[in-house]
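Please read the structure below before turning to the comments.
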Amino acid sequence: MAEDSDKPAGGATGTGRKAAADAPAKPRKAATPKAKPATKSAAKTAGGGAGRRAAAKPATKNPRGKTGAAAKAPAAPVSLRVMLWVAGAVLLLDQISKYVVVHLLRLDRVREIDLFPPFLNLRMAWNQGVNFGLFSSSQEIMRWVLIAVALGVCLWVVVWVWRSRPRAFAQAAAGLLVGGAIGNVIDRLTYGAVADFLNMSLPAWRNPYSFNVADIAIFAGAFGLILWPPGGKAGAADKNP
């Protein structure tokens with residue numbers, strides 16, 4: 001009885017081992033390997049989506065429609081057309097007025113013509129110096145010194161404005177100064193002195209000095225450049241669009 005009970009058990013055990021050996025091994029679950037590719041795929045998908053969104057997103061445009069480096073590029077230099085036009089207009093008006101007074105009205109011979117006395121009159125005066133007769137001299141060398149000084153000032157103002165490239169107000173002031181100075185230089189070259197003919201007086205006071213259109217432009221231009229210098233803070237603020 002003991003042997004019979006052992007055989008079935010042993011047989012069952014041997015058969016079970018053989019069946020277990022002959023049976024194909026069950027594949028292991030690929031939960032972990034599948035999770036990694038899924039994670040990498042998701043990362044690639046997310047990264048690709050972000051890249052596509054970044055590529056699809058248009059670059060921010062400035063108000064003028066430029067993008068990238070073009071938007072940060074400095075603006076084109078301001079044209080000096082205003083200065084040139086103002087200087088030309090002052091020079092033309094100054095020379096025409098002097099021609100009319102000297103050659104048509106012959107004020108150099110008549111000497112005085114009342115227009116709106118005593119406030120505005122024509123009084124001829126040949127100025128061999130600068131304004132109000134300063135540095136006046138009959139020496140020929142002084143005439144050329146004043147011509148050289150006037151041209152030097154004009155050149156300095158033009159270079160100053162050229163480097164600063166201000167807007168219209170400072171350019172107009174510079175044009176007034178340059179046009180007036182060149183007008184007086186032409187007088188010195190043509191007549192040997194500056195033709196002054198405008199006189200403004202009061203009922204109880206007669207002004208002994210005369211001036212011309214160029215003198216008015218020089219004073220106005222110098223005053224304007226003091227208020228609005230091309231290279232100063234006001235000039236820099238004027239450059240902003």
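Each of the peptides 144-155, 208-219 was scored by the mean count of other Cβ atoms within 10 Å over its residues; in descending order, highest first, they stand as 208-219, 144-155. Annotation for segment 80-105 versus segment 160-235: alpha-carbon center distance of 12 Å.
Derived scalar couplings between HN and Hα for segment 106-111 equal 6, 5, 5, 9, 5, 6 Hz in order, rounded to whole Hz, by the Karplus curve 6.51 cos²θ - 1.76 cosθ + 1.60 (θ = phi - 60°), x for Gly and Pro. Length gained on full extension, VAL100 to PHE119: 4.8 nm, using 0.36 nm per residue less the C-alpha separation.
Readers should treat all values here as calculations from the given coordinates under stated rules, not as data from a laboratory. Computed from a prediction, not measured in an experiment: that's the story for all the values here. Counting neighbours? That spans all protein chains shown, and the Cβs are built from the backbone with ideal geometry, glycine included.
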